[in-house]
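As structure tokens, the structure follows; a few thoughts come after it.
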Protein chains: 4
Amino acid sequence: MERRNVGILGATGAVGQRFIQLLADHPWFNITWLAASDRSAGKTYAEACAWRLDTPLPERIANMVLQPNTPEAAGDSLPRIIFSSIDAPIAKELEPRFAAAGCAVISNSSAFRMGTDVPLVVPEVNFGHFEVLESQQTRKSSGGFLVTNPNCCAIGLVLPLAALQARFGIDKLFVATMQAVSGAGYPGVPSLDILGNVIPFIKNEEEKLQEEVGKLLGGVHLHGDAAIGFEAAPITVSAMCNRVPVLEGHTECVSVKLKTPANEAEILAAWAEFEPLAGKNPQSIFAGMHLPSAPAQPVAYEAGTTRPQPRLDLMRGNGMATTVGRLRPCTLFDWKFTLLSHNTVRGAAGAAILNAEILAVLGKFDFRKFPPVNSNASAAEGLVNA
Amino acid sequence: MERRNVGILGATGAVGQRFIQLLADHPWFNITWLAASDRSAGKTYAEACAWRLDTPLPERIANMVLQPNTPEAAGDSLPRIIFSSIDAPIAKELEPRFAAAGCAVISNSSAFRMGTDVPLVVPEVNFGHFEVLESQQTRKSSGGFLVTNPNCCAIGLVLPLAALQARFGIDKLFVATMQAVSGAGYPGVPSLDILGNVIPFIKNEEEKLQEEVGKLLGGVHLHGDAAIGFEAAPITVSAMCNRVPVLEGHTECVSVKLKTPANEAEILAAWAEFEPLAGKNPQSIFAGMHLPSAPAQPVAYEAGTTRPQPRLDLMRGNGMATTVGRLRPCTLFDWKFTLLSHNTVRGAAGAAILNAEILAVLGKFDFRKFPPVNSNASAAEGLVNA
Amino acid sequence: MERRNVGILGATGAVGQRFIQLLADHPWFNITWLAASDRSAGKTYAEACAWRLDTPLPERIANMVLQPNTPEAAGDSLPRIIFSSIDAPIAKELEPRFAAAGCAVISNSSAFRMGTDVPLVVPEVNFGHFEVLESQQTRKSSGGFLVTNPNCCAIGLVLPLAALQARFGIDKLFVATMQAVSGAGYPGVPSLDILGNVIPFIKNEEEKLQEEVGKLLGGVHLHGDAAIGFEAAPITVSAMCNRVPVLEGHTECVSVKLKTPANEAEILAAWAEFEPLAGKNPQSIFAGMHLPSAPAQPVAYEAGTTRPQPRLDLMRGNGMATTVGRLRPCTLFDWKFTLLSHNTVRGAAGAAILNAEILAVLGKFDFRKFPPVNSNASAAEGLVNA
Amino acid sequence: MERRNVGILGATGAVGQRFIQLLADHPWFNITWLAASDRSAGKTYAEACAWRLDTPLPERIANMVLQPNTPEAAGDSLPRIIFSSIDAPIAKELEPRFAAAGCAVISNSSAFRMGTDVPLVVPEVNFGHFEVLESQQTRKSSGGFLVTNPNCCAIGLVLPLAALQARFGIDKLFVATMQAVSGAGYPGVPSLDILGNVIPFIKNEEEKLQEEVGKLLGGVHLHGDAAIGFEAAPITVSAMCNRVPVLEGHTECVSVKLKTPANEAEILAAWAEFEPLAGKNPQSIFAGMHLPSAPAQPVAYEAGTTRPQPRLDLMRGNGMATTVGRLRPCTLFDWKFTLLSHNTVRGAAGAAILNAEILAVLGKFDFRKFPPVNSNASAAEGLVNA
């Protein structure tokens, strides 16, 4: 299969760097366009970016020239697939313009996550939600569309929850998080604020976590055969979010009230048998999919009494699995457990890339019936309901 | 007032060092006896102890010779007041022997906290529980007794809870903790385990927190006029305890369900008006007490959106206050808030010293009607119901 | 003695906050004027400043309104003594204007430290250098002048060096530093850069350390009786500066080649007998001075094999002493040792305050023979030779 | 090529775990024997070991039963190649017994490093020293021998030094280290001692660094054709060693005095052209060697002004390269630079494995002319001159 050309909006940021790291040798996608803010446009990537990952910046990327972040400026070089990781206020303005131009915008931004026709997807959990993108206005006119992945905390959480929801139903849950500093981007959290400290507040984080879980675990609203919107699952979530002096990896303490009681063995089985996208089960809805970034075991249970830990469990499934541990009864709800998820791999760039991989398999990147990409399309066509 | 002689069991440990630091210039107490394990007995304190506090080891203490940790070995030098901070299994054996010998044992150990005739006290919360010590067997024979303070997490938590319990009643609560490494003593947590990491498990900690809160917020069981036991408050607590790379200061995220609804202003008022031991209110049950270690404001609310933080709020009330912040509604229970407490000051040595101060005011150190201290008293007399 | 009114330039920065903390209850100085950048001017201090120290922001200061940072804007409220901690490029422009207006500018900035008529002073080491301020142009016209304290690393280093220089002479030295993040101000070092990491570079730091030591340990150039400039001591310094994940406290590893050989006892004696400003020796040049911020023992030797350490030794002499340890022979030069100094107390705000205290004792704040402060003085008069 | 059986002495320790991680899929070596202290012998590896690496413990190893750590106990299962990482006092007794039994002991212990007939080798630097093993007593009788790799700091340092020594000669050097906590093993450094702190002392570390560099950069002593001992290079080293809150990676600040002056370009060329073991240069003494663990570029220069950093540069050459940066002139010697080396990969287990790989290529594991391994050989034969 020929690799598809892709672009990255917000290429120099912390998540942008992860996109580059994870896409550098990707078998399906080929980075041909990198965009950054006006300040950086025109410089090479190496000049504009303080590369902060522990693998070397690929030579080819280092020499690419950063483009202005609009479809107009891209002209003919605009790739049809755009990964986006830009701040919500900018995303609000820019992402619809790329969709209007005919691009598939795979966004990590929070701007449109709760949009009424915008899929918010973790593929193992709710890839069926992608059908709603067909009802987006730009899809009909230009073929372009916009899909999103959840907040970094919600992704790690929703994997083990989906397994429980499927078998026992979830009524409500408490979640207390201890989040890594990389979640705040760069320069992000000043060291004077976090060295040997805890900050018990992350702006908008509790709200995002509380609303995104319901959409992710919910269903789609059908109109005839067409999926035209979402129905949130009636799960009440209470979140308490904290920043801790950890570099990568969000730890979350969960207590969950199920709809149907389940014993320890049943819970563990639900997680162990949770269907991976890379699975070999011929009965699986995922049979035949061989997604390069999909973990073989999306929910990995670690039985050691002191686990999971960022230092020991971060890279399970190449950073794409949620590690769960400490399953124990709760005096108030049913079960308590602790989970760990890599916040800039599974929780950001890797989530968007996995969305792109499954969109490819689902044929959503087949633009033959649509007009060619038009970088001058009217922004007005690009509206997505937020 | 002449300073009373006191001794310290477990003098070289992390909490033992805090005892020494906090008692060095204490107006009411005078350290005359320091005991340590057999390995250290006979050495000077300076020889045996790797002093790890950031104020200098007092010269006088440095030169004191460590004694074996039994009343028999102490002989005539046995002081009548003993602060104890030793591991639970050793405390189980040793503390009753000191009580049998006629000593007031003020213990920070967990060994006897849930004992049916052993007061577990945070003075601002339940100093009335001290009356139960009169029903201890050793009290009657030798005058000696044993009282305890709670687990380091429970102390910080119970101060704001007591204010809510008094006005609105508490039905149940969730608490997720982020605890400092000093709580594990020395050498305690290996740096390889905690640098840039979170450990989502602390042995027995969740259990302690879940059971101690009820006893602290409960009442005493009367037989005629005599307080002969405890009645736990019917509050269900669910705890999730974590270790984080913080040196001192336990942070706790709480969600509480009240019995009677209360609005934000009422909650804040309950905390602001929570009666300090050092208070000047002539109507207060604490009127006239001038306890040297009591904070003027036991529950200090910090309105900044990112507070409380160990780095900024640890030393409120000289480390004896609980700082509370982030009061906000909960989607599941009534109110969420975050608190911070100094785990080796208010949460350990300072808690025991404050217990000793109020015991002094209550006359419990008046041993005139009892026989003189007898370091050879039979250990069998020393039983305390655990 | 009536307290003198003082102002602070750069009041909201990290060092500005230390100035406020250390001056809040100062017996000699009274903060009456706080200035900040245009962006903050007009707001109250509490509004404009994210207070980041672990003692509460004093109520009176919280309510003070921040002034624009020019003498003109201050008008009649301009105090005659100005503490300054602003970035070098701004200091270069602003500090001479305050000196021209008749103010004593006590600066922590690096802008004028190497100026040919600007004293660079650590009082225990070279307070005689202050005489050179009399040759500054503004001193003659308005009475105003400018003095500086060294870089945070140089201050801690020069205290033990001065003791050795006085007795044995110093030929050359190596120094490798491990510096705290607070030295970079706020927001300063991003946590992503320093958590669990070392950054082996601090801009201009090695250069400052290499040039300031010679000026500090040198003498003054006399013209008749008048001190009109400085003669650097001919000491070659080689510095290697590193940032480490420590909050406060610069650690420095030193190897020194003396001019006259000295044995261990002689070195230790030189440090133990190094004359404090607060000393009681009637023969001392400091006799009779009772400077509130001066440490009783400027160079404190700590004999423990693993000392000094930021966590244990930071607050010696209320953060104003240098703690030295690990004196041992060097295979290349004569002696190696390690030192620790509090970089934002002794290394910044405390250094400037101590300079102000000794200037007060020396009568340099006696402006009776000079014209009244004139906030509209021409900037041209304010030139200081940089 | 058939994989050779190997054993590990000290298999459960921090370095032992690295041995297992790095040897698990090694193309040349096959772990068949794991030994631990008496306390652990008889348990499975998984039972006895708290695995602390961030890759999973291989299943096969987890189930292996730990053996007592003597050749006698091993009997017929004794492999002919033994990797050893045990404390020096135990190594002193045990390693010679394995050599006497006919084993090649590849040791990371410090016990015999300075032995007069014991090679201390970093292959890129002085693999010729291995010839001296032929003069060991055990070699002649049983074929067994003992070789060592240097201290973790010396290995990283000696790679860039060897390149300079070869071209310009080295006269003397200062080195100040900032060492990771993993260098102290497990449990190692208590978190209370190192969180937000620097410890300016590591036992015996400065001494090791000062003496090992000379032996590594020196030559062999010939008697006829036979290499019978070592001649240390006359280089004076002064070391100042510190522990910092970093997990993995030792950073070292170096100032070096060369024998022949060299300019910046010449220094950089010396490093860039330093011959790798994996090199493709047919003229190289290493031509034809294809050592699996050898880095393609043993000395990697990183031009960024703030480099090298543990967080960014640790894994160069799979953790087997030294990253060098900040080359700049020194005011005292000739050149200053900073280096970083992975202390438990290149600095310990990886160093020993690379020694084993080159020993294999050199034919030192060809035991055909020697008697079979004899686990009951007299310990007296096992003496190695320490």
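When D:Val105, D:Val147 are checked against the criterion of being in contact with an Asp or Glu (Cβ under 6 Å, 6 or more places away or on another chain), not hydroxyl-bearing (Ser, Thr, Tyr) and not in a helix (DSSP H, G or I), a single residue qualifies: D:Val105. Scanning region A:156-185 for residues that are at negative phi and in contact with a Gly (Cβ under 7 Å, 6 or more places away or on another chain), we see that the one that is nearest to the other protein chains (Cβ to nearest Cβ) is A:Val181. Here is the figure for region A:219-238: residues that are among the small types (Gly, Ala, Ser) and closer than 19 Å to A:Leu146 by Cα total 4. For region C:186-206, taking the residues that are among the hydrophobic types (A, V, I, L, M, F, W, C) and touching a residue at least 12 places away in the same chain (Cβ under 8 Å), the one that is farthest from the other protein chains (Cβ to nearest Cβ) is identified as C:Ile202. Return the only residue of C:Glu72, C:Glu93 being within 21 Å of C:Gly144 (Cβ to Cβ), in a helix (DSSP H, G or I) and free of Cβ contacts under 8 Å to residues at least 12 places away in the same chain. When all the criteria are applied, what remains is C:Glu93. Taking region A:49-78 as the range and being buried (at least 21 other Cβ atoms within 10 Å of the Cβ), in contact with a Ser or Thr (Cβ under 6 Å, 6 or more places away or on another chain) and closer than 27 Å to A:Asp366 by Cβ as the test, the residues that pass are A:Pro71, A:Ala74, A:Leu78.
Listed conditions (1) within 30 Å of C:Pro308 (Cβ to Cβ); (2) not assigned by TED's automatic domain parsing to the domain that holds D:Val324 are all met by D:Thr177, apart from (2).
Being without any contact (Cβ under 8 Å) to a residue 12 or more places away in the chain and more than 9 Å from chain A (Cβ to nearest Cβ) is a property that B:Asp225 has.
In region A:344-366, the residues that are in contact (Cβ under 8 Å) with a residue 60 or more places away in the chain and crowded, with 24+ Cβ neighbours inside 10 Å form Cβ pairs under 6 Å with partners that are outside any loop (DSSP other than H, G, I, E, B) and charged (D, E, K, R), at six or more places apart or across chains, as follows: A:Thr344/A:Arg18; A:Ala349/A:Arg18. Over 20 Å from C:Pro56 (Cβ atoms) and of a type outside the set (Lys, Arg): does that describe B:Ser293? Taking the combined requirement at face value, the residue does not satisfy it. All conditions but one from (1) closer than 21 Å to A:Thr338 by Cα; (2) touching a strand residue (DSSP E or B) at 6+ places or on another chain (Cβ under 6 Å) apply to B:Phe168; the one that does not is (1). Taking region D:10-32 as the range and being over 14 Å from D:Tyr45 (Cβ atoms) and part of a strand (DSSP E or B) as the test, the residues that pass are D:Phe29, D:Asn30. What number of residues in region B:314-343 are farther than 18 Å from A:Ala176 by Cβ, free of Cβ contacts under 8 Å to residues at least 40 places away in the same chain and facing another protein chain (nearest Cβ under 7 Å)? Counting residues in region B:314-343 that are farther than 18 Å from A:Ala176 by Cβ, free of Cβ contacts under 8 Å to residues at least 40 places away in the same chain and facing another protein chain (nearest Cβ under 7 Å) gives 1.
Inspect region B:102-115 for any residue being in contact (Cβ under 8 Å) with a residue 24 or more places away in the chain, of a type in the set (Lys, Arg) and surrounded by fewer than 22 Cβ atoms within 10 Å (Cβ to Cβ) and give the result as yes or no. So far as region B:102-115 goes, no, none of its residues is in contact (Cβ under 8 Å) with a residue 24 or more places away in the chain, of a type in the set (Lys, Arg) and surrounded by fewer than 22 Cβ atoms within 10 Å (Cβ to Cβ). Restricting region C:280-313 to residues that are part of a loop (DSSP other than H, G, I, E, B) and at the interface with chain D (Cβ under 10 Å from one of its Cβ atoms), the residue that is surrounded by the fewest Cβ atoms within 10 Å (Cβ to Cβ) is C:Thr305.
The values are calculated or read from the model by the stated rules, or taken from the named source; none is laboratory data. Here the structure is a predicted model, which means the values were calculated and not measured. Note that we place each Cβ from the backbone using ideal geometry, even for glycine, and neighbour counts take in every protein chain shown.
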